[in-house]
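Colleague: Below are the structure tokens for one structure; questions will follow.
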Amino acid sequence: MIICSIASLLMILLGYLIWTKKKLFLIAGYDEETFEGDKEKLAKAMGMFSIFVGILVFIFPFTLEYIGSFTGYIFAIIIVLGTMAMFIYVNILNRK
């Protein structure tokens, strides 16, 4: 539970830095020179996604304890689908 709390706080902090402070260098694979899209939308989307993942990581041990182990599968599906959706959205943003 402590590890999940630390990881969630880190994800929320990174999401805050990306979204509000526009620290886009924290996004893996981001290159200032090759990105042609709207940087404001990118920062908002990636920041919100990081905060969402941080919240999920925080509630994950509680759902495992009180609901059951199948919530791990649900958690994994949500993260994978969310990551794929973000990948598609960022690629759409990069087109001009």
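Colleague: Just add up the charged neighbours of Leu26: K/R +1, D/E -1, any other residue whose Cβ is under 15 Å from the Cβ of Leu26.
Modeller: Numbers: positive: Lys21, Lys22, Lys23, Lys39, Lys44; negative: Asp31, Glu32.
Taking every other residue near Leu26 into account, the sum is +3.
Colleague: Skipping prolines and chain starts, which residues have an amide H placed within reach, meaning under 5 Å, of the one on Lys23, given they are 5 or more residues away or on another chain?
Modeller: Ile18
Colleague: Same structure, new question: Please work out the FRET efficiency for the pair Tyr73 and Lys23, using the Cβ-Cβ distance as r and a Förster radius of 30 Å; give the result to the nearest 0.05. Numbers along the way, then the final one.
Modeller: Working: r = 33 Å, r/R0 = 1.10.
In this case the efficiency is close to 0.35.
Colleague: Now for a different question. With Rg and Dmax of the Cα atoms in Å in mind, check [x] 13.0, 43; [y] 18.5, 63; [z] 14.9, 48 and report the label derived from this structure.
Modeller: [z]
Colleague: Quick one: 3J(HN,Hα) in Hz for the range 73-84, Karplus 6.51/-1.76/1.60 with θ = phi - 60°, rounded, Gly and Pro as x.
Modeller: Per residue, the Karplus-derived 3J(HN,Hα) values read 5, 4, 4, 5, 5, 4, 5, 5, 5, x, 5, 5 Hz.
Colleague: Sticking with this one: Run the reach check for Lys22 against aspartates and glutamates, Cα to Cα strictly under 18 Å, same-chain hits fewer than 8 apart removed. What comes back?
Modeller: Filter leaves Asp31, Glu32, Glu33, Glu36, Asp38, Glu40.
Colleague: Sticking with this structure for a sec: How large is the dipole of the chain about the Cα centre if only Lys and Arg carry +1 and Asp and Glu carry -1, each at its Cβ, rounded to the nearest 20 debye? Each step should come with its number before you reach the end.
Modeller: On the way: 8 positive and 7 negative charges, 44 e Å.
With only Lys, Arg, Asp and Glu charged at Cβ, the dipole is about 220 debye.
Colleague: While we're on this one: Length gain on complete extension for the stretch Phe62 to Met48, per 0.36 nm per residue less the alpha carbon to alpha carbon distance?
Modeller: On the way: separation 14, 0.36 × 14 = 5.04 nm, distance 2.22 nm.
Going from the current span to full extension adds 2.8 nm.
Every read-out reported here was derived from the displayed coordinates using simple, explicitly stated rules and does not represent laboratory data. Worth saying up front: this structure is predicted, and the values here are computed from it rather than measured. When we count neighbours, we look across all protein chains shown, and the Cβ atoms used for this are built from the backbone with ideal geometry, even at glycine.
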